[in-house]
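Working notes, structure below.
Bear in mind that the values in this text are calculations on the coordinates, not laboratory data. Everything numeric in this text was worked out from a predicted model, so none of it was measured. Glycine gets a Cβ as well: all are built from the backbone with ideal geometry, and neighbour counts include every protein chain shown.
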2 protein chains.
Amino acid sequence: MGNSNNEQKFVKEITPMEENFSQWYTDVILKTDMVDYSPVRGCMVIKPYGFSVWEGIQRVTDWRFKKTGHKNAYFPLLIPESFLEKEASHFEGFAPEVLWVTHGGSEELTERLFIRPTSETIICTMYSKWIKSYRDLPVLINQWCNVVRWEKTTRPFLRTAEFLWQEGHTVHATYEEAQEETLQMLEIYRQVAEDELAMPVILGAKSKQETFAGADRTYTMEAMMHDGKALQAGTSHNLGQNFAKMFDITFLDRDGELKYGWSTSWGISTRLIGGLIMVHGDNRGLKMPPRIAPIQVVIIPIATHKEGVLDKAYELKKQLEDKFRVELDDREEYSAGWKFNEWEMKGVPLRLEMGPRDIENNQVTAVRRDTLEKFTLPLDNLEEKIEEVLEDIQNTMFKMALENREKKTYATVDYDEIKRIFKENPGFVKTMWCENDECEDKLKADTGATIRCIPFEQEHIGDTCPMCGKKATTMVYTAKAY
Amino acid sequence: MGNSNNEQKFVKEITPMEENFSQWYTDVILKTDMVDYSPVRGCMVIKPYGFSVWEGIQRVTDWRFKKTGHKNAYFPLLIPESFLEKEASHFEGFAPEVLWVTHGGSEELTERLFIRPTSETIICTMYSKWIKSYRDLPVLINQWCNVVRWEKTTRPFLRTAEFLWQEGHTVHATYEEAQEETLQMLEIYRQVAEDELAMPVILGAKSKQETFAGADRTYTMEAMMHDGKALQAGTSHNLGQNFAKMFDITFLDRDGELKYGWSTSWGISTRLIGGLIMVHGDNRGLKMPPRIAPIQVVIIPIATHKEGVLDKAYELKKQLEDKFRVELDDREEYSAGWKFNEWEMKGVPLRLEMGPRDIENNQVTAVRRDTLEKFTLPLDNLEEKIEEVLEDIQNTMFKMALENREKKTYATVDYDEIKRIFKENPGFVKTMWCENDECEDKLKADTGATIRCIPFEQEHIGDTCPMCGKKATTMVYTAKAY
């Protein structure tokens, strides 16, 4: 198609991931208009293409929340200083990174306010007021909002001072219900990650040291990025009665006794977009899984000067747009080859080329982004065919990501081997652990890797903890992480 | 139905609007779980029922934005102090009410940041970087977000320190395009207000004094609340080249010349929810227009101890839930009468009662919230019938609101008469104006009413400006306002 020069130009714009994965990531997110740096330290601008991915994530997540009985609400951005002090361990976790509001206009505030880094404190305060009786339980509320954590080192999507997320906060009458909720939400996150984002995840519990400030138990889903590093892609916390006791969330139970509630919280954030990029992307740029892709199908008319081509392309768009998120690139100032590369870079799952020969043969020429395979599709029953292809792309992308993870997953209790792996070929190392903090710290100090989770699906890798040589009590996933 | 006692109890909970409209509003929003006060000064908690109205407004607005080519994005919450100083008149407008962030953790920031009261400054800074050529225009971006204005006097939904809104920001190559955009967005707001919220609005331009800080021209939609006061329900600003010049938004035009862009901004907020309540509500509580109602149909089983009643009610819910937002109130601890009153208070447009006699007759008993009319509907073809009834409720609510507005709209150029009206029967007064600031100020000082807008639909009320007696140049709507 005479686009080899253009392709080279495009390819040149993106640093190959094998050469410098971090630079590859930066190149991709900037060149594809996902995001831009802002003049505010550590804050990003999510550009329309990036934001539409977030809208997609909201779409596939929110209905699952609602189907399981959760409702959305909105709590204040600003929280009085005194609130943070109520839950001591929570305070310690967040105090160093909160932003303080001290003045309104030119007047000093009587009490300093901080911008929410998470909303447990303000939400629990309201719950304490709302919950009186077992009839008020469970409370199942979620909010989609922005939060701010004044982090030192930031990277777009992965770690930014301000980010968008959802935070669910529930209260239950019993420990069992709270635990069930915690795991249910983790399962919803798994569905979003695996079924929608085609991103395979490992589910499990965090170690005590990695547990959320104030929680009894934190569950996580961990995904492997293309460079072998882990990304914590979503967490769900069983908060026990910790927050209920600090914020006095009590209810009169059926048996006439006043009891503390059991609470949970859970969240996913714009971080998932970073994960999506690093799980699927390649040296041509992004690869969007069809279910979440802002544009599922792009139509590119070929030889637009030939009569009828543009008309036919518009007709095709009209035919498809009720069923798919479809875009027609009819820009005159760019060649077809240039467009091919741009839309490949943007990760659109399926490209349809419509040229004079296609019109003659009552077909379109299709190119899959995942495999770059080129083939023709008859215009009759096209919607059905496209649906099949998109479904196949979705499944293939999941499989490719899973294969990459499996290729880079090791199992050993030999500590020298573990150290060698993290030095030479980062990935997931399945190993055993005695559950002592010291061994967790040692692993981190020696390798830079951390215990990502104690997976639900336990395997027998060996009998000893590689760090101390003593008897191991659990199997863990370890990895370097974002 | 034996619910007269219950009804009295409910009615007693809400102050009659004729007695104290302000207290009526407060009672309604709190008793219906729309909102709660928060411990943060001037900030509200939007509870699930209130938030679902906001979700409804987002739903009916966002697709209209997208259909007209706009895309959503997200810009930082925090803005460096230096940005506000760039646009002097904008700065003066917002400086007294911005909140200042001075510390991150325990460290003082090198430059103070303020929380966005609106995002022109940060967005224009990014646009200046993104826009280079006429090919980059128009830029049509919207964001849904929270903003903070540290206001002294606040009321839930109507005026709060933090509120949720959408702010659209566009840049165009010509004045004409920017003006077209400004009016197009106002028309979309009219559709949302009138066609979705059943809230009649007057469209027009703001006076110079009421124009948005930094804008050339502000357009508004003004709605009349049940007490005769006006609510500014949405605004659309033609910003001319003011922001483009301050933030250096230039583009190379087709003719090879470097030119400043023409920009617009426009917004609606959670304030609309307050409007919705005050336009439609009555002494029984809320009245939700069906198109936006979080719950369109509530099913209440009658005599649930009778066999088959609950089953039939569940069956009915199943039959309807694909087509309508439907809720079944199967709570055992409340009587049917109590439930009738609660759901009336919450403003659910249509109540369906399912009891033994209904089952026998293959029907449901229906009660409309707008007219309180009671009638039976056969179960066959029920969906179709309900759709008709909901459509009729929507139209009737619009008509009732319009009638209320017309009843309280006066037309005169007699200044004594104007003063008397605003003293005795607040409403809209259509009058004439010479377009001098002094006369606008005089009206406000004398009556407490302000010029709400210079309506697009001009009428001839008289020849003179009632305030100064000189020749009038335009017709205006005046009213006391929220």
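So the label point sits 7 Å from Cα along the Cα-to-Cβ vector; using that for B:ALA445, what distances do you get to the other copies, in nanometres, sorted shortest first?
Shortest to longest, the spacings are 7.7 nm.
So what are the radius of gyration and Dmax for the Cα set of chain A, in Å?
25.2, 82
Write out the GluC sites (Glu not before Pro) in the stretch A:380-482 meeting two conditions: DSSP loop, and at most 10 other Cβ atoms within 10 Å of their Cβ.
A:GLU457, A:GLU459
Putting +1 on Lys and Arg Cβ atoms and -1 on Asp and Glu Cβ atoms, find which of A:ASN146, A:GLY105, A:THR68 reaches farthest to the positive end of the dipole of the stretch A:28-146.
A:THR68
Kirkwood Rh over alpha-carbon pairs of the stretch A:42-118, then Stokes-Einstein at 25 °C and 0.890 mPa s: what D in µm² s⁻¹, rounded to an integer?
Values: Rh = 15.7 Å.
It comes out at roughly 156 µm²/s.
Treating each Cα of the stretch A:409-479 as an identical point scatterer and ignoring solvent, apply the Debye formula and state log10 I(q)/I(0) at q = 0.16, 0.26 Å⁻¹.
-0.43, -1.25
With a 4.7 Å Cβ cut-off, tell me which Cys residues in chain B come up empty for a partner.
Cys with no partner Cβ under 4.7 Å: B:CYS43, B:CYS124, B:CYS145, B:CYS439, B:CYS453, B:CYS468.
What distance in nm lies between label points placed 7 Å from Cα along the C-beta direction at A:ASN395 and B:ALA95?
Taking the two extended label points, one gets 6.5 nm.
Taking the inverse of the average 1/r across all pairs of different Cα atoms in the stretch B:17-280, what Kirkwood radius in Å do you get?
Numbers: mean 1/r = 0.0515 Å⁻¹.
Over the stretch B:17-280, the inverse of the mean reciprocal pair distance is 19.4 Å.
Where does helix A:336-345 land angle-wise versus the long Cα axis of chain A, in degrees 0 to 90, nearest 10?
Relative to chain A, helix A:336-345 is tipped by roughly 10 degrees.
Under a plain spin-label model, where a point goes 7 Å from the Cα along Cα-to-Cβ, how far apart in nm are B:TYR334 and B:LYS152?
Roughly 4.1 nm, to one decimal.
Please work out the C-alpha center-to-center distance from the stretch B:288-310 to the stretch B:329-388 and express it in whole Å.
6
Taking A:LYS306 as the anchor, which lysines have their alpha carbon closer than 24 Å to its alpha carbon, excluding any fewer than eight residues away along the same chain?
A:LYS317, A:LYS318, A:LYS339, A:LYS374
Can you give the FRET efficiency for A:LYS385 and A:HIS460, using 1/(1 + (r/R0)^6), R0 = 45 Å, r = Cβ-Cβ distance, to the nearest 0.05?
With R0 = 45 Å, the Cβ-Cβ based efficiency is 0.45.
Place +1 on the Cβ of every Lys and Arg and -1 on the Cβ of every Asp and Glu in the stretch A:265-326, take the dipole about the Cα centre, and give the residue among A:PRO289, A:GLY274, A:HIS305 whose Cα lies farthest towards its positive end.
Positive-most Cα among the choices belongs to A:GLY274.
Once the stretch A:314-376 is represented by equal point scatterers at the alpha-carbon sites, with solvent omitted, what log10 I(q)/I(0) does the Debye formula produce at q = 0.13 Å⁻¹?
-0.35
If each residue's Cβ is checked for other Cβ atoms within 10 Å, how do A:TYR334, B:TYR25 rank with the fewest at the top?
A:TYR334, B:TYR25
What do you get for the angle between helix B:21-31 and the principal long axis of chain B? Use alpha-carbon atoms, 0 to 90 degrees, nearest ten.
60
Assuming R0 = 60 Å, what is the FRET efficiency of A:ASP311 and B:ASP248, from their Cβ-Cβ distance, to the nearest 0.05?
Details: r = 41 Å, r/R0 = 0.69.
It comes out at approximately 0.90.
Please average, across the residues of B:74-84, the number of beta carbons from any other chain that are within 10 Å of each residue's own beta carbon, and give a whole number.
Mean number of neighbouring Cβ atoms from other chains: 6.
Within the stretch B:227-249, which residues have the backbone N less than 16 Å from the label spot 7 Å out from B:THR409 along Cα→beta-carbon, could you tell me?
B:227-233
Under a point-charge model restricted to the Cβ atoms of Lys and Arg (+1) and Asp and Glu (-1), what is the dipole moment magnitude of the stretch B:123-218 relative to its Cα centre, in debye to the nearest 20?
Dipole of the stretch B:123-218, to the nearest 20 debye: 500 debye.
Label position 7 Å from Cα toward Cβ: report the copy-to-copy distances for A:PRO39 in nm, one decimal, ordered from shortest.
Its label point is 3.8 nm from the equivalent points in the other copies.
If I take R0 = 41 Å and measure r between the Cβ atoms of B:ASP437 and B:TRP130 in this structure, what FRET efficiency does the formula 1/(1 + (r/R0)^6) give, to the nearest 0.05?
According to the calculation, E is roughly 0.60.
Using a cut-off of under 13 Å, list every residue of the stretch B:274-310 whose amide N is near the label point 7 Å from the Cα of B:ARG59 along the Cα-to-beta-carbon line.
B:289-297
Quick one: divide the alpha-carbon radius of gyration of the protein assembly as shown by 2.2 N^0.38 Å and tell me what you get.
Taking the Cα Rg and dividing by 2.2 N^0.38 Å, one obtains 1.01.
For B:ALA303 and B:GLN191, calculate 0.36 nm times their separation in residues minus their Cα-Cα distance, and state this gained length in nm to one decimal. Let's see the in-between values first.
On the way: separation 112, 0.36 × 112 = 40.32 nm, distance 4.26 nm.
So the chain would gain 36.1 nm between B:ALA303 and B:GLN191.
Sketch the reach of a paramagnetic label on B:LYS66 as a point 7 Å from Cα along Cα-to-Cβ, and name the residues of the stretch A:134-151 whose backbone nitrogen lies under 20 Å away.
Label zone hits: A:144-145.
Pairs of lysine in the stretch B:158-259 with Cα under 22 Å and at least 8 positions apart or on different chains: total? Spell out each step's value before the answer.
Numbers: B:LYS206/B:LYS229; B:LYS208/B:LYS229; B:LYS208/B:LYS245; B:LYS245/B:LYS259.
Step by step, the pairs that qualify in the stretch B:158-259 add up to 4.
DSSP loop (so not H, G, I, E, B), at most 13 other Cβ within 10 Å: list which GluC sites (Glu not before Pro) in the stretch B:58-96 pass both filters.
B:GLU85
Sorting A:LEU231, B:LEU183, B:LEU276 on the 10 Å Cβ count, fewest up front, what's the list?
B:LEU183, A:LEU231, B:LEU276
Quick one: angle between helix A:175-190 and the longest Cα principal axis of chain A, in degrees between 0 and 90, rounded to 10, please.
20
Suppose only helical runs count, i.e. DSSP H with n ≥ 4. What mean residue ellipticity at 222 nm does that imply for the protein assembly as shown under -39500 (n - 2.57) per run, divided by all residues and rounded to the nearest 500 deg cm²/dmol?
Calculated at 222 nm, the ellipticity per residue is -10500 deg cm²/dmol.
If we hang a label 7 Å off Cα along the beta carbon direction at B:ALA303, how far is it from the matching labels on the other copies, in nm, shortest first?
Shortest to longest, the spacings are 7.8 nm.
Could you calculate the contour length gain from B:LYS470 to B:ARG325, that is, 0.36 nm times the residue separation minus the distance between their Cα atoms, to one decimal place in nm?
46.6 nm
Would you check the stretch B:405-482 for Lys pairs whose C-alpha atoms are within less than 12 Å, ignoring same-chain pairs closer than 8 in sequence, and give me the count?
6
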